[in-house]
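S.K.: Take this structure, written in structure tokens, and hold onto it; I'll ask about it next.
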Amino acid sequence: MDDLLTARQVQELLKVDRTTVYRMLKDGRLSGIKIGKNWRFLRKNIDVLLQEQSHQEKTTLLKAKIFPGHCIQGLQDIFSEVAGVSCVAVDSEATFLTQASNPSPFCQKIQSTPEGRAACRQSWKKIIKNKINHAPFHVCHAGLNYTVACIRMANQIESYILCGQFVESAEQKKALQASIPQVAQKLGLKEKDLRHLEDQVYLLTPRVRKNLKLWLERLAQSLIDLTSERNDLVNRLHKIHQLSAFQEE
């Protein structure tokens, strides 16, 4: 019976309240055995959950250390406003590392549903995977264009700048408008809500269309340089702190 834990013991191990334990049990994150009126949980399952939690926390800290989103948010915001597109930094799983800059109202509506968010994330992961494709733009599930640039720092975390939520021509915008009924039905949205926002889809000017890929590559390199210099400075300050502490001893 030492392998079975009570709900209170699980609370203490996971550092959550009792309501969260039962919510995790209900949504499948936890599995348990009901003995009479009480639930018991296998110790080995909780250990696995703790290992996953620890790994996730370490990964989050590592990303924050190597890729400090707050340091580059301003540059990303400016780039998006000037180019008239939306930008966001993501990891290889299309998880946001920065807040999306200049998001399109049309895409915000799509991402207001779980189905829309899932479809967008799948599109982004596919775009990242196909980044070696020499085509200047990639089309997402909703018929909008994206381009992507890779950011590699400290040879540990590979991140990406996704630039998109636009169409490159009036013809593509017409095709997008024609596909709205299917997109709305697929994502659990009302067609009229997307129709109301279709005029706010970003349409590239000829100059931006010609130069966007090059500009994005330059932005990515600037972010690499900025972050590398920042991390070097942090490491130097850390070494100075260590030396000061050693001398005080």
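S.K.: Any residue at all in the range 30-43 that's at pLDDT below 80, open to solvent by 40 Å² or more (accessible area, probe 1.4 Å), at positive phi and not in a helix (DSSP H, G or I)?
M.R.: Within the range 30-43, none of the residues are at pLDDT below 80, open to solvent by 40 Å² or more (accessible area, probe 1.4 Å), at positive phi and not in a helix (DSSP H, G or I).
S.K.: Looking only at the range 71-93, count how many residues are part of a loop (DSSP other than H, G, I, E, B) and either free of Cβ contacts under 8 Å to residues at least 40 places away in the same chain or buried (at least 21 other Cβ atoms within 10 Å of the Cβ) (or both).
M.R.: Of the residues in that region, 2 qualify.
S.K.: Are there any pairs with C-beta distances below 7 angstrom linking a residue in the range 187-211 that is in contact (Cβ under 8 Å) with a residue 60 or more places away in the chain and under 25 Å from Ser112 (Cα atoms) to a residue that is in a helix (DSSP H, G or I) and among the polar types (S, T, N, Q), with the two at least 6 apart or on different chains, and if so which?
M.R.: Cβ pairs passing all conditions: Glu198/Gln177.
S.K.: Picking from Ser101, Ser123, Ser112, which residue would you name as being open to solvent by 10 Å² or more (accessible area, probe 1.4 Å), farther than 17 Å from Glu168 by Cβ and small (Gly, Ala, Ser)?
M.R.: Of Ser101, Ser123, Ser112, the one residue that is open to solvent by 10 Å² or more (accessible area, probe 1.4 Å), farther than 17 Å from Glu168 by Cβ and small (Gly, Ala, Ser) is Ser112.
S.K.: Among the listed residues Asp232, Asp199, identify the single one that is modelled with pLDDT of 90 or more, among the acidic types (Asp, Glu), open to solvent by 70 Å² or more (accessible area, probe 1.4 Å) and in a helix (DSSP H, G or I).
M.R.: Asp199
S.K.: Out of (1) modelled with pLDDT of 85 or more; (2) of a type outside the set (Gly, Ala, Ser); (3) under 27 Å from the mean Cα position of the chain (by Cα), what's the single condition that is false for Leu49?
M.R.: (1)
S.K.: Return the residue satisfying two criteria in turn: it lies in the range 56-92 and is on the phi < 0 side of the Ramachandran plot and small (Gly, Ala, Ser), and of such residues it is modelled with the lowest pLDDT.
M.R.: Restricting to residues being on the phi < 0 side of the Ramachandran plot and small (Gly, Ala, Ser), the top hit is Ala64.
S.K.: Across the range 157-182, what is the total count of residues that are open to solvent by 20 Å² or more (accessible area, probe 1.4 Å) and at pLDDT 80 or above?
M.R.: The total comes to 13.
S.K.: Only one of Ala135, Ala149, Ala154, Ala220 is touching a Leu at 6+ places or on another chain (Cβ under 9 Å) and at pLDDT below 95. Can you tell me which?
M.R.: Sole residue among the options that is touching a Leu at 6+ places or on another chain (Cβ under 9 Å) and at pLDDT below 95: Ala149.
S.K.: Checking Thr19 against (1) modelled with pLDDT under 75; (2) open to solvent by 80 Å² or more (accessible area, probe 1.4 Å); (3) hydroxyl-bearing (Ser, Thr, Tyr): exactly one of these is not met. Which one?
M.R.: (1) is the only condition that Thr19 fails.
The values are calculated or read from the model by the stated rules, or taken from the named source; none is laboratory data. This one's a predicted model, so the numbers in the text were calculated from it and none came from an experiment. Reconstructed Cβ throughout: ideal geometry from the backbone, glycine too, with neighbour counts over all protein chains shown. The protein model used for the area step is the full one, side chains on, heavy atoms only, and it has no ligands, DNA or RNA in it. Shrake-Rupley method; radii C 1.70, N 1.55, O 1.52, S 1.80 Å.
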